[in-house]
Amino acid sequence: MFDIKWIRDNPAAFDKAMESRGSSQRAAALLDIDDRRRTIIVRLNEAQEKRNALSKQIGQAKAQKDEAKAQALMSEVATLKDFIPAGEADERAVEKELRDALAAIPNMALDDVPFGEDESDNVEYFGPNGTPETAAPRRPPRPAFGFAPKEHFEIGVAEKDMDFEIAAKLSGSRFVVLKGQLARLERALGQFMLDLHTQEHGYLEVRPPVLVRDDALFGTGQLPKFEDDLFFTPHGEGRLALIPTAEVPLTNLVRETILTEEALPLRFTALTSCFRSEAGSAGRDTRGMLRQHQFDKVELVSITTPEESINEHERMLACAETVLQRLGLHYRVMTLCTGDMGFGARKTYDIEVWLPGQDTYREISSVSVCGDFQARRMEARYRPAGEKQPPRYVHTLNGSGTAVGRCLIAVLENYQQEDGSVLVPEALQPYMGGLGVIGGR
RNA sequence: GGAGAGAUGGCCGAGUGGUCGAAGGCGCACGCCUGGAAAGUGUGUAGGCGGGGAACCGUCUCGAGGGUUCGAAUCCCUCUCUCUCCGCCA
């Protein structure tokens, strides 16, 4: 969420940022609300000041048993009796108007984010000061096949243990039932990723709720604008949402707090199921388990100072890349252009894994730095170390590390054998009881 | 689901109609003490909004929202959450 004071001071920059993100928001309309708001506040404050001063005098008069004087003062205050409640109501209304307007505005892209309209304008990224040559050694090569590689759901093991028909009977479309070694392989992937991030990357493992309140969703920016993407369940008088990503509970872990600077950075990771209604995706990726209503994901969230968030973004990307490197999966990294970024992001890297069966790259991780955008919505601040300074908003980052279901697809497609079996990447074998291949005879 | 207790500053904890944004403690910051440190000691230390170049001033905030009152942390109503006991339950 934007700071109205910043918009007041930088209206041209704000308009430019909105235009580059394809938003029709402009500073003038917001500042008009702000002007009305400030006028109301000034008038209200003056009236309150007068009331408070007179009330204090009434207290003194009563203490001195001067009833006549007290009565005179009380009748004077009575003239404010209508104005103050009305002014308070006006203030509440205009504050809400401003907050509602600000809450619907997407974050501003960082200066080095490429300008563009959609995913065709995204730009490949090779690391800080990187080139294709410097990035290549870290990235596993594409596998070579002596046969035509199949899509994941056509591979022998999947035809046996990846059951969309029974899932449809249970739950409808966009659900899957995994069985046997495929079920175990997905579990192994989640365990492997969690162990990697907790043991080597310094993340704290968290088991959060997967049902959350509207407030938490507002904090990370899913509400109020993206209600249609969520599943809700009734609860008491209200409702709870199933999380679309563990970003929601992990980031909200610091909501409404003032941290000490020494506590930063905070790094959280969680393996959870995620739930998305995919309302706008009818007809897209309907075959296979690429786009499901329910999927598992290992999420990474960092809470940092403003000074450190850019560095943390690169670090988090590297943490996510390590997953694919250890699994021997070929991938590329894209910097999302201004038009393709999510609502709360200032800059986003997508990691796209190579899927030989589809003969294309598909997103398997998205790593975003949000600046103080979410922190403002959550009221998450920290107190700078040293000399007395006011609290500042923290910066928040989130990234997938990685999507487990899509990673399963990638393993199947990249390690498939002509006979329908699939080799188990070395890094996963300890999690598979030493098994080197699944689906073989 | 039933009964009861509670929610106060970064943290703990006093405070039942006026001078209370709020005692005391912890923590933190600065100073003194010290060869240096610890201990001790002194001072300071909430946040939001508005006005102002600034110093500063005003206002709001004691879980949230309404209400009573000239005046509310304190009284009333509604809600949320936490704790204890009972019931149910993986």
Can you tell me which residue among A:48, A:64, A:60 is under 45 Å from the mean Cα position of the chain (by Cα) and under 28 Å from residue A:78 (Cβ atoms)?
A:48
Given the residues A:124, A:97, A:76, A:91, which is the only one that is assigned by TED's automatic domain parsing to the domain that holds residue A:37 and touching a residue at least 60 places away in the same chain (Cβ under 8 Å)?
A:97
When you scan the range A:394-441, how many residues do you find that are outside any loop (DSSP other than H, G, I, E, B) and in contact with a Pro (Cβ under 7 Å, 6 or more places away or on another chain)?
5
Restricting to the range A:1-54, count the residues that are aromatic (Phe, Trp, Tyr) and part of a loop (DSSP other than H, G, I, E, B).
1
Any residue at all in the range A:125-133 that's touching a helix residue (DSSP H, G or I) at 6+ places or on another chain (Cβ under 8 Å) and among the aromatic types (Phe, Trp, Tyr)?
yes
Count - residues of the range A:215-228 that are crowded, with 16+ Cβ neighbours inside 10 Å and not aromatic (Phe, Trp, Tyr):
7
One residue is enough: does the range A:297-311 have a residue meeting the conditions touching a residue at least 60 places away in the same chain (Cβ under 8 Å), under 21 Å from residue A:200 (Cα atoms), of a type outside the set (Lys, Arg) and touching a Gly at 6+ places or on another chain (Cβ under 6 Å)?
yes
Please verify whether the range A:8-18 includes one or more residues that are surrounded by 15 or more Cβ atoms within 10 Å (Cβ to Cβ), at pLDDT 85 or above and within 11 Å of RNA strand B (Cβ to nearest atom).
yes
Name the pairs whose Cβ atoms lie under 6 Å apart, with the first residue in the range A:410-421 and in the same structural domain as residue A:330 (by TED's automatic domain parsing), the second crowded, with 24+ Cβ neighbours inside 10 Å and part of a helix (DSSP H, G or I), and 6 or more positions between them or separate chains?
A:412/A:152; A:413/A:152
Considering the range A:379-410 alone, what residues qualify as being within 26 Å of the chain's Cα centre (by Cα) and among the hydrophobic types (A, V, I, L, M, F, W, C)?
A:380, A:394, A:397, A:403, A:404, A:407, A:408, A:409, A:410
The one condition residue A:212 fails out of (1) closer than 18 Å to residue A:300 by Cβ; (2) buried (at least 17 other Cβ atoms within 10 Å of the Cβ) is (1)
Within the range A:360-393, the residues that are within 16 Å of RNA strand B (Cβ to nearest atom), modelled with pLDDT of 90 or more and part of a loop (DSSP other than H, G, I, E, B) are A:372
In the set A:270, A:241, which member is closer than 22 Å to residue A:206 by Cα, within 16 Å of RNA strand B (Cβ to nearest atom), in a strand (DSSP E or B) and touching a strand residue (DSSP E or B) at 6+ places or on another chain (Cβ under 6 Å)?
A:241
Counting only residues in the range A:411-431 that are of a type in the set (A, V, I, L, M) and over 29 Å from residue A:247 (Cβ atoms), the one nearest to the chain's Cα centre (by Cα) is identified as A:424
Scope the range A:62-72; condition outside any helix (DSSP H, G or I) and charged (D, E, K, R); matching residues:
A:65, A:66
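Regarding the range A:49-65, can at least one residue be identified that is more than 9 Å from RNA strand B (Cβ to nearest atom) and surrounded by fewer than 12 Cβ atoms within 10 Å (Cβ to Cβ)?
Looking through the range A:49-65, at least one residue is more than 9 Å from RNA strand B (Cβ to nearest atom) and surrounded by fewer than 12 Cβ atoms within 10 Å (Cβ to Cβ).
Hey, among the residues in the range A:73-129 that are of a type in the set (Val, Ile, Thr) and outside any loop (DSSP other than H, G, I, E, B), which one's surrounded by the fewest Cβ atoms within 10 Å (Cβ to Cβ)?
Filtering the range A:73-129 for residues that are of a type in the set (Val, Ile, Thr) and outside any loop (DSSP other than H, G, I, E, B), the one surrounded by the fewest Cβ atoms within 10 Å (Cβ to Cβ) comes out as A:123.
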Do you know which of the residues in the range A:226-238 that are in a loop (DSSP other than H, G, I, E, B) and modelled with pLDDT of 90 or more is farthest from RNA strand B (Cβ to nearest atom)?
A:226
Residue among A:322, A:348, A:304 that is touching a Pro at 6+ places or on another chain (Cβ under 8 Å) and of a type outside the set (D, E, K, R):
A:304
Could you pull out the residue among A:261, A:278 that is more than 13 Å from residue A:298 (Cα to Cα), of a type in the set (D, E, K, R) and within 14 Å of RNA strand B (Cβ to nearest atom)?
A:261
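The values are calculated or read from the model by the stated rules, or taken from the named source; none is laboratory data. Since this is a predicted model, take the numbers as computed values, not measurements. Reconstructed Cβ throughout: ideal geometry from the backbone, glycine too, with neighbour counts over all protein chains shown.
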